[in-house]
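J.: Encoded as structure tokens, here's the structure I'll be asking about.
The values are calculated or read from the model by the stated rules, or taken from the named source; none is laboratory data. The shown structure was predicted, so the numbers you read here are calculated from the model rather than taken from an experiment. Here Cβ is always computed from backbone atoms with ideal geometry, including for glycine, and neighbour counts include all displayed protein chains.
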Amino acid sequence: MLSAQRKVVSQDVISNSTVGLALSEGRARLAQMMDSPSLEASLLLASILGQSRSWIVAHPDAPLAADDLAAFHQVLTQVAQGTALPYVLGQWAFFGRDFEVTPDVLIPRPETEGLVESALEFGRRRADGLRAVDIGTGSGCIAVTLAASLPHSHWLATDVDPRALRVARRNALRHAVQERIRFICGDLAGALTGGFDLVCANLPYIPTSRLSNLEVARREPGRALDGGADGLALISILIRDLPRLLLPAGRALLEIDHTQADTLQRAAKQANPRAQVTLLADLAGQARVLQIDRWNEVDEDRHLQR
């Protein structure tokens, strides 16, 4: 919590400010760099005071202690200097849960929730158990969310960065699923033996040449964004590995950029000609998730006998 950033000032020392005045100052300072400065300012102040955002909005006349005001000024400066708001807050919401985030991991985004929804739909049909893997787990938001929502599931979560894995482990503890997720430090699926019902991955897919022009690359870890010369380097490797990883009737769900959809769809069919490959659209109607369903050999035998 941001309260850890407070300066050592007695709590009974009251400044001349109130919640409402502090919010007005925060909005003014963030207006030139944020799309929703009122929201961001209220989130920062709520975290400092240990209150909900609704409490902040409902109590504009509440007085602020001097150390709270000083802490608010400090975090406003951090945001104004370019630190992403979730990193300042130390957490961010994803699929109805709060996740710890640090500059070692990407900030969870709403578009990834489409992948989670598809995984949930698949997992709920496997009531007898689900063996799954989240490759490139980062903060762990995918694996932890799905483990919490599918109590019959057991997960492996991999990442090449041990710092990211430490964050993911803390998020697993935070949401009480640490007993059903095993964390492995390694590159893609190289350390895995296969045999999964479900493979999930949100791998880097931005071409290297585009990173220098993107604001996100200046705020979030470049290694988690850089997809190589064409943006497809890591995703293509994983697609070729899926026949080894997936059990019969297993499913892979990979987040992609919509501009890569046709290329990756062809690559998936080439790697496993019997697979059913589907593109899932986001709310804007753009392809966001590549879904690959491995053919069930039992179904294939029945089809050939007809």
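J.: Could you tell me whether residue 225 is touching a strand residue (DSSP E or B) at 6+ places or on another chain (Cβ under 6 Å) and not hydroxyl-bearing (Ser, Thr, Tyr)? Write out each step before concluding.
T.: On the way: touching a strand residue (DSSP E or B) at 6+ places or on another chain (Cβ under 6 Å): yes; not hydroxyl-bearing (Ser, Thr, Tyr): yes.
In short, yes.
J.: Might you check whether a residue that is among the polar types (S, T, N, Q) and closer than 24 Å to residue 232 by Cα occurs anywhere in the range 174-193?
T.: Checking the range 174-193: at least one residue is among the polar types (S, T, N, Q) and closer than 24 Å to residue 232 by Cα.
J.: Continuing with the same structure: On the basis of being outside the structural domain of residue 216 (by TED's automatic domain parsing), of a type in the set (D, E, K, R) and part of a helix (DSSP H, G or I), does residue 35 make the cut?
T.: No, not satisfied.
J.: Moving to a separate point now. Do any helices (runs of 4 or more DSSP H) lying entirely in the range 43-137 carry at least 1 residues that are in contact with a strand residue (DSSP E or B) (Cβ under 6 Å, 6 or more places away or on another chain) and within 30 Å of residue 241 (Cα to Cα), and which ones are they?
T.: Result: 113-123.
J.: Kindly list, by first and then second residue, each pair from a residue in the range 204-230 that is under 17 Å from residue 288 (Cα atoms) to a residue that is of a type in the set (Phe, Trp, Tyr) and not in a helix (DSSP H, G or I), limited to pairs with Cβ atoms under 9 Å and residues at least 6 apart or on different chains.
T.: 225/205; 227/205
J.: Name the pairs whose Cβ atoms lie under 6 Å apart, with the first residue in the range 106-121 and assigned by TED's automatic domain parsing to the domain that holds residue 149 and touching a residue at least 12 places away in the same chain (Cβ under 8 Å), the second outside any helix (DSSP H, G or I) and basic (Lys, Arg), and 6 or more positions between them or separate chains?
T.: 111/288; 114/288
J.: Filter the range 154-200 for residues that are assigned to a loop (DSSP other than H, G, I, E, B), touching an Asp or Glu at 6+ places or on another chain (Cβ under 9 Å) and small (Gly, Ala, Ser); which is surrounded by the most Cβ atoms within 10 Å (Cβ to Cβ)?
T.: 189
J.: So which residues in the range 261-290 are farther than 19 Å from residue 109 by Cα, in contact (Cβ under 8 Å) with a residue 24 or more places away in the chain and outside any loop (DSSP other than H, G, I, E, B), if there are any at all?
T.: 261, 263, 264, 265, 267, 268, 271
J.: Something else now. Determine if the range 208-221 includes at least one residue that is acidic (Asp, Glu) and part of a helix (DSSP H, G or I).
T.: Scanning the range 208-221 turns up at least one residue that is acidic (Asp, Glu) and part of a helix (DSSP H, G or I).
J.: Only one of these is buried (at least 19 other Cβ atoms within 10 Å of the Cβ), part of a helix (DSSP H, G or I) and among the hydrophobic types (A, V, I, L, M, F, W, C): 203, 254, 234. Name it.
T.: 234 is the lone residue from the list that is buried (at least 19 other Cβ atoms within 10 Å of the Cβ), part of a helix (DSSP H, G or I) and among the hydrophobic types (A, V, I, L, M, F, W, C).
Table: residues versus (1) within 16 Å of the chain's Cα centre (by Cα); (2) surrounded by 19 or more Cβ atoms within 10 Å (Cβ to Cβ).
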residue	(1), (2)
39	no, no
49	no, yes
71	no, yes
98	yes, no
110	yes, no
119	yes, yes
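J.: If residue 93 satisfies every condition in (1) surrounded by fewer than 18 Cβ atoms within 10 Å (Cβ to Cβ); (2) more than 21 Å from the chain's Cα centre (by Cα); (3) aliphatic (A, V, I, L, M) but one, which is the exception?
T.: The number of the failed condition is (2).
J.: Go through the range 171-203 and give me each residue that's in contact (Cβ under 8 Å) with a residue 60 or more places away in the chain and of a type outside the set (Phe, Trp, Tyr).
T.: Step one: list which residues in the range 171-203 are in contact (Cβ under 8 Å) with a residue 60 or more places away in the chain, which gives 171, 174-175, 195-203.
Residues satisfying the conditions are 171, 174, 175, 195, 197, 198, 199, 200, 201, 202, 203.
J.: Just wondering, is there one or more residues in the range 146-153 that are under 18 Å from residue 172 (Cβ atoms) and assigned to a strand (DSSP E or B)?
T.: Checking the range 146-153: at least one residue is under 18 Å from residue 172 (Cβ atoms) and assigned to a strand (DSSP E or B).
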